[in-house]
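Notes to accompany the following structure.
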Amino acid sequence: MRAVRSDGSGVQIVDVPAQRAEAGNDRVRVRVRAAGICGSDLLMLEKSFLRPDVTIGHEFAGVLDDGREVAVQPTTPCGNCEFCARGAYQLCPSCIGSTLGVSRAGGMADEVWVDPVCIVPLAASLPVGDACLVEPLAVAVHGIERSGLVSGQRVAVVGGGTVGLLAAAVARARGCAVDLVARHAAQWRAAETLQVGREPSGLYDLVIDAAGSESAVARAVELARPEATLLMLGWDWQRVVLPGYAIAAKELVIRATVTYGHQSATRDVDAAAALLAAAPEIAQALITHRMPLDAAVHAFAVARDRAGGAIKVVLEP
């Protein structure tokens, strides 16, 4: 079968043996229909963090052998540690080592076998081609839930990429007015579709850094009212210096989050799938390009070109 892997400087499409079901192995096969290129994929390629023997892709959806359309949670909790016991499996020590598309074969391929615990059922109204957004939307759902956001509050998002726009969509769905700091025309068009305001003014109850840079954090702190929450949702591997006095002077609450877990009555990925089904404008706003799997090299080049209009580039095997 075809698979997209790192060649040390970029990506290549390679032929790899198709996996087979093994006796005593309860993994299920997902025939991939859509796989999104994530900003972290681009970053890991740039930093040479991706192994050449691992298929890329942690944002994907497809069809099971029984015909059910599903999305996939790429992390596999151990189920035994203290964090898994309370649903905080984003903190499970084994999750990073088992993440599809990073440590194990991911979704930029014709098919992939996954643990049943990773399966995310989809509503009939959610097209499987849009369901690759379930994974990044779950990141936003998790962050917003952990922020303590209350309906009616003012929210500012700094960063108009996928995570920033999805965080804005989640906050809007929770009854909040949202304004966005973004750079590119495509991001502004997406914000308009999501009914998100441009260029924040005044002070906000929740400010979200969705870029992970020092300048983004500084702008977020400027926009925060006293005693507001600063949600650090974007991240990079670079060191970021915080504006300490400005944070202290406003007595801001800083909340940093990572991936997704099981915070309330449902998993973050299931909440994300439900929101995507209820709000089709999210996929309409964010998915800017769809390309066949054989065009992966070109698709990654397009995904890097934010100024050229890319937000979410999707590969369709």
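The values are calculated or read from the model by the stated rules, or taken from the named source; none is laboratory data. Quick caveat, the model's predicted, so the values are computed rather than measured. Methodologically, a virtual Cβ is constructed for each residue, glycine included, from the backbone with ideal geometry; neighbour enumeration extends over all protein chains shown.
A few remarks follow.
- Single unsatisfied condition, GLY164 versus (1) more than 14 Å from ALA279 (Cβ to Cβ); (2) touching a residue at least 40 places away in the same chain (Cβ under 8 Å); (3) surrounded by fewer than 24 Cβ atoms within 10 Å (Cβ to Cβ): (3)
- One residue alone among SER147, SER201 is touching a Ser or Thr at 6+ places or on another chain (Cβ under 6 Å) and either surrounded by 19 or more Cβ atoms within 10 Å (Cβ to Cβ) or closer than 16 Å to ALA224 by Cβ (or both), and that residue is SER147.
- Scanning segment 135-173 for residues that are at positive phi and in contact with a Lys or Arg (Cβ under 7 Å, 6 or more places away or on another chain) yields nothing.
- Where a residue in segment 52-80 is assigned by TED's automatic domain parsing to the domain that holds GLY129 and closer than 15 Å to ILE37 by Cα and its partner, wherever it lies, is surrounded by 24 or more Cβ atoms within 10 Å (Cβ to Cβ) and of a type in the set (Phe, Trp, Tyr), with Cβ under 7 Å and at least six apart: VAL72/PHE60
- Of all the criteria given as (1) loosely packed, with under 15 Cβ neighbours inside 10 Å; (2) part of a strand (DSSP E or B), the one not satisfied by VAL155 is (1).
- Filter pass, ALA61 being of a type in the set (A, V, I, L, M) and not in a strand (DSSP E or B): no
- In summary, ALA131 fulfils each of the numbered conditions (1) outside the structural domain of ASP15 (by TED's automatic domain parsing); (2) surrounded by 24 or more Cβ atoms within 10 Å (Cβ to Cβ); (3) touching a Leu at 6+ places or on another chain (Cβ under 7 Å) with the single exception of condition (1).
- Scanning segment 1-40 for residues that are charged (D, E, K, R), more than 25 Å from ARG68 (Cβ to Cβ) and modelled with pLDDT of 95 or more yields ARG5, ASP15.
- Residue match in segment 286-293 (condition: touching a helix residue (DSSP H, G or I) at 6+ places or on another chain (Cβ under 9 Å), within 26 Å of LEU206 (Cα to Cα) and among the hydroxyl-bearing types (Ser, Thr, Tyr)): no
- Considering residues of segment 83-128 that are among the aromatic types (Phe, Trp, Tyr) and in a helix (DSSP H, G or I) only, the residue surrounded by the most Cβ atoms within 10 Å (Cβ to Cβ): TYR89
- Scan segment 169-180 for residues that are free of Cβ contacts under 8 Å to residues at least 40 places away in the same chain and either over 16 Å from the mean Cα position of the chain (by Cα) or within 15 Å of ILE311 (Cα to Cα) (or both) and the total you get is 8.
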